[in-house]
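Below is one structure; the comments refer to it alone.
The values are calculated or read from the model by the stated rules, or taken from the named source; none is laboratory data. What you see is a predicted model; the values in this text were computed from it and never measured. Methodologically, a virtual Cβ is constructed for each residue, glycine included, from the backbone with ideal geometry; neighbour enumeration extends over all protein chains shown. We work out accessible area using only protein heavy atoms, side chains counted, and drop any ligands, DNA or RNA first. Shrake-Rupley method; radii C 1.70, N 1.55, O 1.52, S 1.80 Å.
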Amino acid sequence: MTLLQPRSVGERTRAVLAFVGPVVLVAALMVMLLGISMTSTVGAAFAVVLAVGLCLVLAAGFEGAAITLFVIGIALSPLDRLRPVAALSFASLSDLILYAALGLLVPVLIGRPFPREVLYYAGAGGLLVVGIISSVLSTDPAGSLAFLVRLLIGALVLPFMFSMWKPRREIVVVFAVSYVAGNLLNLFFAYTVGVVDFGRRLGYSTHPNVMGLAAMLGFALTPFLWATIPKAYRWMVLVGAAGCGMGVWVSGSRAALLVLAAVVALYVVFSRSVGVAVALFGASIPVMYYVAQAYLNGDDASNNALGRLFGGGSAGGSDLEREALAQKAWDAFMHHPVLGQGLAEVMEAHNIYLQIGAAVGVVGGAFYLLMLGSVLLRAARLPQPYVLLVLPGMGYAMIGAMTTILWDRYVWCVLALAFLLPAALKPDEDTEDLPLTPALVTSGPQELP
C-alpha cells in the first residue's frame, strides 16, 4: 500500500489539488451562473445553457461533448428560422450550437498537424485576397467585407476543423443520420407551423426554397447511409429518403425537385447496378401516380414542386423577380469583370456562380470554383462506400445555378462531412455490418488503419 501513496509533501499537495481543484472550479462557476441567472430572463437562459454544457463536458469530456453538440446542431440546421436571440438575427439556434461544438473541439485539436488540403485552402485563400480587394474598391466596403466574412466562416471553418479532427469513421454516419432526421423534423413542422403564401410549406426554414434545398441534401445522403448502416436498420433509411423527398415536394422548390431527380440518376451511375435501376423504376411507379394526381387536382396543388416547374401557382411572379435580379448581377459583372464590385449588392441573384462573378469577378470566381471543386474531389477520391458522400456535393453544385444560398451551415455541414475522413482512407473490410451504437456519441478518437 505504501507504494501507492505519495512519497513527498509535493506529491501529496499535487494529489490534493488534483482532487479539490475541479470541485472548487465547478463551485465557483455555479456561483457565477447563479448571479447571472438572477439578472434577467436572458441571463437565466444563458446560465442554464452554460450549466448544461458544463455537466456535459464533465460527463463526456471535450470530444464527447463536441460530438453531442454536433449531432444536435446538424439536426437543427434545416430549421434555420429558430433564432433564440433576437439581437443575433444572423445566427440561428443551429449556428450557435455548432459554434459551441467547434469551441469544445479546440482543446482536442491542439497539437494536431495542419491539414494538407492544398486545393481547398488555395481556393479559400485566393478568394479571401480577391474579396478584400474587391470590397475595398466597392461603393460599400463595410457591407461587402461583412458578406465576405460570412462566406468564409460558413464555408471554411467546418471543413478546416473537420480535416484536423479525423474522428472514428462511424461519426460520419452519425452526423449524416442527424441531418436526415432534422429534415424529417422540419417536415413535421411544415404541417403545423410552416405554411406561407400560395400554399407552399417551409417548416422552420426561413424560406420554402431553403426547406427544399436542405431536403434535397438529406435525400442525397441516404445512398451513403444505405451502404453503411446495418441491414436491420435500412428501413429507417427508406423512411428518411421518403421524408426528404416529401420535403422537396411540399416546399414547391423546382430547383430542388430537378436536382433530386439528378441525384437519383447519379446514384444509379455510381452503383453500376441493374438491380438498383430496376428497383428505383419500380418504386417510381406509385410515386409518379401520386405526382400525376396531385398535379391534376387544380390550383391548390399547383404550388407543389412539379406544378411550379410547369409554371403553375406562384412560378410566374417568381420567374420575373429572378430575371430582374439576375440581370442586375449580370450588369454588375459586365461593368467590373476582373475583380467584381464587392459582395454587398449582388447576393440576391438566384445563381451562386453569377453572384460570385459579379462580386469578385473572373479572378475571384476561379478561386471559388477551385474551392468548391476541391470539395467534390475530396469526396470523389474516398473508397466505397464513403465515395457516395460526393452526391450531396454534386447536388449543391447543380442547384447552385438556381439558388442564392452560398454560405449557410445547412449546406456546409453536409459538404464538410468528407473532410472528417483521411484522404488516404482504406476501404472497410465489411461495410454491411458497420456498428452503430449510442456509445459513439461519447467515444474518443481512434486511430484508423
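Take Val149 and tell me if it is farther than 30 Å from Pro223 by Cβ and either touching a helix residue (DSSP H, G or I) at 6+ places or on another chain (Cβ under 8 Å) or not polar (S, T, N, Q) (or both).
When the stated conditions are applied, Val149 passes them.
Return the residues of segment 381-404 that are part of a helix (DSSP H, G or I) and open to solvent by 20 Å² or more (accessible area, probe 1.4 Å); say none if nothing qualifies.
Of everything in segment 381-404, those that are part of a helix (DSSP H, G or I) and open to solvent by 20 Å² or more (accessible area, probe 1.4 Å) turn out to be Met394, Ala397, Met398, Ala401, Met402.
Among the residues of segment 187-198, is there at least one that is assigned to a helix (DSSP H, G or I), under 17 Å from Asp80 (Cβ atoms) and touching a Lys or Arg at 6+ places or on another chain (Cβ under 8 Å)?
Yes - at least one qualifying residue is present in segment 187-198.
Would a scan of segment 106-119 turn up a residue that is of a type in the set (A, V, I, L, M, F, W, C), closer than 29 Å to Pro337 by Cα and open to solvent by 30 Å² or more (accessible area, probe 1.4 Å)?
Scanning segment 106-119 turns up at least one residue that is of a type in the set (A, V, I, L, M, F, W, C), closer than 29 Å to Pro337 by Cα and open to solvent by 30 Å² or more (accessible area, probe 1.4 Å).
Yes/no matrix, rows are residues, columns are (1) in contact with an Asp or Glu (Cβ under 9 Å, 6 or more places away or on another chain); (2) of a type in the set (Gly, Ala, Ser); (3) part of a helix (DSSP H, G or I); (4) closer than 16 Å to Ala366 by Cβ:
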| position | (1), (2), (3), (4) |
| --- | --- |
| Tyr121 | no, no, yes, yes |
| Leu128 | no, no, yes, yes |
| Val149 | no, no, yes, no |
| Phe160 | yes, no, yes, no |
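Being at pLDDT below 80 and not in a helix (DSSP H, G or I), is that true of even one residue in segment 350-357?
yes
Mind checking whether some residue in segment 199-212 is at pLDDT 90 or above, open to solvent by 20 Å² or more (accessible area, probe 1.4 Å), touching a helix residue (DSSP H, G or I) at 6+ places or on another chain (Cβ under 9 Å) and farther than 21 Å from Phe70 by Cβ?
No, that holds for no residue.
Scan segment 177-190 and report the pairs whose first residue is farther than 16 Å from Ser94 by Cβ and whose second residue is not in a helix (DSSP H, G or I), with Cβ atoms within less than 6 Å and a gap of 6+ or a chain change.
Listed by first residue and then by second, the contacts come to Ala190/Arg201; Ala190/Gly203.
One line per residue, one yes/no per condition, for (1) touching a Gly at 6+ places or on another chain (Cβ under 6 Å); (2) farther than 22 Å from Ala344 by Cβ; (3) open to solvent by less than 30 Å² (accessible area, probe 1.4 Å); (4) of a type outside the set (Phe, Trp, Tyr):
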site	(1), (2), (3), (4)
Val136	no, no, no, yes
Ser144	yes, no, yes, yes
Leu148	yes, no, yes, yes
Leu158	no, yes, yes, yes
Arg169	no, yes, yes, yes
Asn183	yes, yes, yes, yes
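Based on this model, can you work out whether Arg112 counts as charged (D, E, K, R) and under 22 Å from the mean Cα position of the chain (by Cα)?
No: the conditions fail for Arg112.
Pick from Phe62, Phe46, Phe90: which is over 22 Å from Ser374 (Cβ atoms), open to solvent by 70 Å² or more (accessible area, probe 1.4 Å), part of a loop (DSSP other than H, G, I, E, B) and modelled with pLDDT under 80?
Phe90
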